[in-house]
Amino acid sequence: MNTEKNIKTLIVKKPLILDCGKTIKDFPIAYETYGSLNSNKDNAILVFHALTGDQFVTGINPITNKEGWWSYAVGPDKAIDTNKYFVICSNVIGGCMGSYGPSHKDPDQKIFGTNFPVITINDMVNAQYNLLDHFGIDKLFSITGGSMGGMQVLQFISNFPDKSKTVVPIATTSSHSAQNIAFNELGRQAITADSNWKDGNYASNDTNPGKGLAVARMAAHITYLSKKGLQEKFGRKLQEREDLKFGFDADFQIESYLRYQGSVFVDRFDANSYLYITRAMDYFDLAKQFNGNLSEAFINTNAKFFIISFTSDWLYPTQENKDIVIALNSIGADVGFVEIESDKGHDSFLLDVPDFLSALKNFLDKSYEEN
Amino acid sequence: MKNEFQVIADLIEKDKKVLDVGCADGTLMKFLKDNKNINIRGLEISKEKVQECIAKGLTVIEGNAEKDLKQFPDKSFDYVVLSQTLQAFLNPELVLDELLRVGKKAIVTIPNFGYWKVRFHLLFKGTMPITKTLPDEWYNTPNLHMCTIKDFFHFVKSKDIKIFKSLALNNLNSSIINESNLGVKNLFADLGIFLIEK
C-alpha cells in the first residue's frame, strides 16, 4: 500500500512500554515536515492527525496524489503559516502510512494483522515524543489537531507538561462517549463481517476486506457531516437520472457520494489499522487516568490553551469541548475558547471555514509575537 | 478608550489577575494588559467580539455570565469587572453573587436611570428615555433590570456587600459617592462605578 521512497521514517530504538503491557522497540515512525526550524528551535508546531489522516498535512500527498488533509489550514501564509513555523506531523503507531502498525511484520517476519498489540492514544503520543529528540527541540511552540488529533494534543500536554508553549485542541473530547464508541463499533463490525477479512490475515490470504472497510467509512462519513449540510448539498437530488428506478442502485446523489467516499478510502487505508485506531479512540478517557478529575491532567502545565468547537459538530459537540475548558478554568489555567458557527459538521476543522482559520491564525501569531 | 475604562483601570493595581465579564472587543483588557501588566481573562457571549479579542491576542472564553461563571473557583481573580451589563441579565442578583464569589473584589458599573436627562426625558416627553448610555429603544434594549445609582447603593448595602469606593461619572468628571451626597450624585451622574467586596 505504501510507496516507501516518499516516506521519511525515524526508527525509535528506545523500548516503549505500551498500555496493554507489551513493549515495542526499534519501530518506525513515519513523519513529514513543512517550513524550517529556526536557530532557536522555538518555532515548531507538532500537528496530530485524526482517525484516517496521515503525516502528509498539506501540499500534494505523494502516496495518494491528493491534497494533504489539512491543506486549508497549513501552508505558506495560512493559519498555520509554514513561512513562520516548522510543522511536524507523524503517522500514528497502529496506522498504515509507514509507522509501526498491523500491516508490518513481526520479528518472525509474519505480518502482524490482529497480533499487533492494541495501542492507545497515550501510546501514540509517547511514540511521537521521540520526534522532539530527533529534531533537538526542547520545547514546541504549539501542539494542535482536531478530533483524534485533539485527543493526542490533550494526552501529550498531560504527559509532557512543559514541552509546549501553546496547546490547541480542536473539535475533540477528553473522553470518548457511548455514541462515539457505538459508531466505531459499527465500523469494526462492518470490517470483520467481510469474509475477506480472514480474522485479520487478509494480506497472507491475498484478499482485502474492501467492502467492509468501505461500509465503515460510509457510516463514519455521515457522522462527520451535519443534517443541514447534507440536506443543502444533496437534498433528495437524483444521481444522473430523471426518476426513481425502483431498484437498489444509487438513485440518490447522497448514495452515490457515500459509495464514492467508501471506494476511494479503501485504496488508501488498511482495514486492520482502522480497527486499531478506532479502538485507541474508544479507550481514550483522560479523566479516568486521573481518578475522574480531568483538571489533574493539566495541573503541571503552564501552557496557554485555546479550544475550538463547531456549532454543527454532533460527534464531538461543543459541550464536550467546553468540559475541557471548565477543567482548565477550575485550576486557573490560561485558556481561551470559541465555538465557530458552521453547518459543515465535525469536518468543519478540515474545511474552508474562514472564522475558524482566522481564529487559529490569530491565536498562533499573537502568541508567537509574545515569545 | 472611554473614560469609564480609564476610571476602572485606575482602580486596579499593577500585576493583578483580572476577569472582564462581558469584555466585548477587549479594549479594556488590552489596556490593562499593556499598561498594568495585568494577567487578564475575558468572558464574552458574542462570537464576533470573541474573534476581535483573539485578534488582539487576548485570552477570552466564549460564554454567558449567567451560566459560565460557575466554572471559576472561589476568589480565583483579584478583580472581576462587569461594565454596564448587570441590568441586562435575567437574574442580576445571582450574577452579582457570582462576581463576588469568583473575585476577591468586583468592579461593577451601571448606567444610572436616575440621571436627570433620563428623568427629564420621561417626565416631559413621556416616552422611554434614550441617552448616551441608554441608546436603545424600549423594544430592542437588552436592558431588563434598569436601576439608579441610589437603587444599587441600597441593594449592595442590604446584601452586606462592602463598598470600597463608589464613583459617579458624568462625561469626563468622576467624583466620590457617599451616603450624604447620594441624592445629588444620583441626579447628575449618568454612570455609577462601584468597587465592592464580600
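The values are calculated or read from the model by the stated rules, or taken from the named source; none is laboratory data. Computed from a prediction, not measured in an experiment: that's the story for all the values here. Virtual Cβ from ideal backbone geometry, glycine too; neighbours counted across all protein chains shown.
Tabulated results
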item: Test for A:ASP343: is it surrounded by fewer than 23 Cβ atoms within 10 Å (Cβ to Cβ), part of a loop (DSSP other than H, G, I, E, B) and either away from chain B (no Cβ under 14 Å) or of a type in the set (Phe, Trp, Tyr) (or both); result: yes
item: Of all residues in the range B:47-72 being hydrophobic (A, V, I, L, M, F, W, C) and at the interface with another protein chain (Cβ under 9 Å from one of its Cβ atoms), the one that is surrounded by the most Cβ atoms within 10 Å (Cβ to Cβ); result: B:VAL50
item: Those residues of the range A:310-340 which are without any contact (Cβ under 8 Å) to a residue 12 or more places away in the chain and away from chain B (no Cβ under 11 Å), in sequence order; result: A:PRO317, A:GLN319
item: Among residues of the range A:295-313, those that are in a helix (DSSP H, G or I) and among the charged types (D, E, K, R), counted; result: 1
item: Leading residue by the ranking (nearest to the other protein chains (Cβ to nearest Cβ)) among those in the range A:346-371 that are buried (at least 17 other Cβ atoms within 10 Å of the Cβ) and of a type in the set (S, T, N, Q); result: A:ASN362
item: Failed criterion for A:TYR316 (all others in (1) assigned to a loop (DSSP other than H, G, I, E, B); (2) under 18 Å from the mean Cα position of the chain (by Cα); (3) surrounded by fewer than 19 Cβ atoms within 10 Å (Cβ to Cβ) hold); result: (3)
item: Pick from the range B:73-97, criterion crowded, with 22+ Cβ neighbours inside 10 Å and within 14 Å of another protein chain (Cβ to nearest Cβ), ranking: nearest to B:ASN3 (Cα to Cα); result: B:VAL80
item: Filter result for A:ASP42 (charged (D, E, K, R), more than 20 Å from A:ILE170 (Cα to Cα) and in contact (Cβ under 8 Å) with a residue 40 or more places away in the chain); result: yes
item: Helices (runs of 4 or more DSSP H) contained in the range A:209-294 and holding at least 3 residues under 18 Å from A:ASN184 (Cα atoms) and at pLDDT 95 or above; result: A:210-224, A:253-268, A:271-283
item: Given (1) in contact (Cβ under 8 Å) with a residue 60 or more places away in the chain; (2) in contact with a helix residue (DSSP H, G or I) (Cβ under 9 Å, 6 or more places away or on another chain), number of the condition B:GLY103 does not satisfy; result: (2)
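Each row is one residue, and each column tells you yes or no for (1) polar (S, T, N, Q); (2) in the same structural domain as A:TRP69 (by TED's automatic domain parsing); (3) in contact (Cβ under 8 Å) with a residue 24 or more places away in the chain.
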residue: A:ASN122; (1), (2), (3): yes, yes, yes
residue: A:THR144; (1), (2), (3): yes, yes, yes
residue: A:ASN184; (1), (2), (3): yes, no, yes
residue: A:GLY187; (1), (2), (3): no, no, yes
residue: A:ALA214; (1), (2), (3): no, no, yes
